[in-house]
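The next block holds one structure in the form of structure tokens; read it before the comments.
Only the coordinates and a few stated rules stand behind these numbers; no lab work does. What you are looking at is a predicted structure, and each value in this text was computed from that prediction instead of being measured. A quick note on method: Cβ atoms are made from the backbone with ideal geometry, for glycine too, and the neighbour counts reach across all protein chains shown.
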Amino acid sequence: MWNHTSINTKKNKKSFTLAELLTAGSLFIVFLTLVIQIYLQTLKNHRFLISISEVSDNIGFAIEKMNREIRVGKDFSISINKDKLSFTSEDDKDIVYRFNTSNNSIERSEDGGLTFENLTGKNVIVESLKFYGNGLAPGDNLQPRITILLKFKSKEAKKESEKYSTITQTTVSSRLLQIH
């Protein structure tokens, strides 16, 4: 009888076996690894979206500034290699927009090209900027139209695959007919 009581006492104790502990620990490690991977991927996507937003805002500002001045400008001239646009603004300033290859940015001058200021921020790499024009010749009785072709990417991402890169094209018509 004494043996029977001792066996029953052992059966009533609740405990985990070594196999159950190893299985539970392994499942916890797999679950934790998945959660960490999801978190890291979400963090990477968040950084990428912030980069897209900052670059888009910055380029949007530069394009809108150019569009506004081109709409009311006159006497347009595009350089031979198409990376510089010169014209006279509505308040008779000699405006120049150009692509600066040394710092990969868009620059603006309002003194005919003597001094320039950057239009794009440090988080943007402008890869190319080209201007194309129609109706720019005096007396052609055409409304001047300037097409801006811009290729850019973000600078902040550490890996090339994480950099936001795109090409944008816009055409702006001057409101003034150049008839001389």
At most 12 other Cβ within 10 Å, DSSP loop - trypsin sites (Lys or Arg not before Pro), the range 64-160:
Lys122, Lys158, Lys159
Principal-axis tilt of helix 18-71 within the chain, Cα atoms, nearest 10 degrees:
10
With +1 on the Cβ of every Lys and Arg and -1 on the Cβ of every Asp and Glu, the dipole magnitude of the range 15-173 about its Cα centre, in debye rounded to the nearest 20, is 480
Based on the alpha-carbon gyration tensor of the range 63-143, what equivalent-ellipsoid semi-axes (square roots of 5 times the eigenvalues) come out, in whole Å, largest first?
22, 14, 11
Taking amide H positions as placed 1.01 Å from N in the peptide plane, with prolines and chain starts having none, which residues 5 or more places from Ser128, or on another chain, fall under 5 Å of its amide H?
Lys151
Rounded to the nearest 500 deg cm²/dmol, what is the calculated helix-only ellipticity per residue at 222 nm for the chain, with -39500 (n - 2.57) per DSSP H run of length n ≥ 4?
-13000 deg cm²/dmol
Calculate how steeply helix 2-12 sits against the longest principal axis of the alpha-carbon atoms of the chain, using the helix alpha-carbon long axis, and give the answer as 0 to 90 degrees to the nearest 10.
10
Find the centroid of the Cα atoms in the range 99-149 and in the range 34-67, then give the distance between the two in whole Å.
25
What percent antiparallel are the DSSP beta bridges of the range 15-173, to the nearest 5?
95
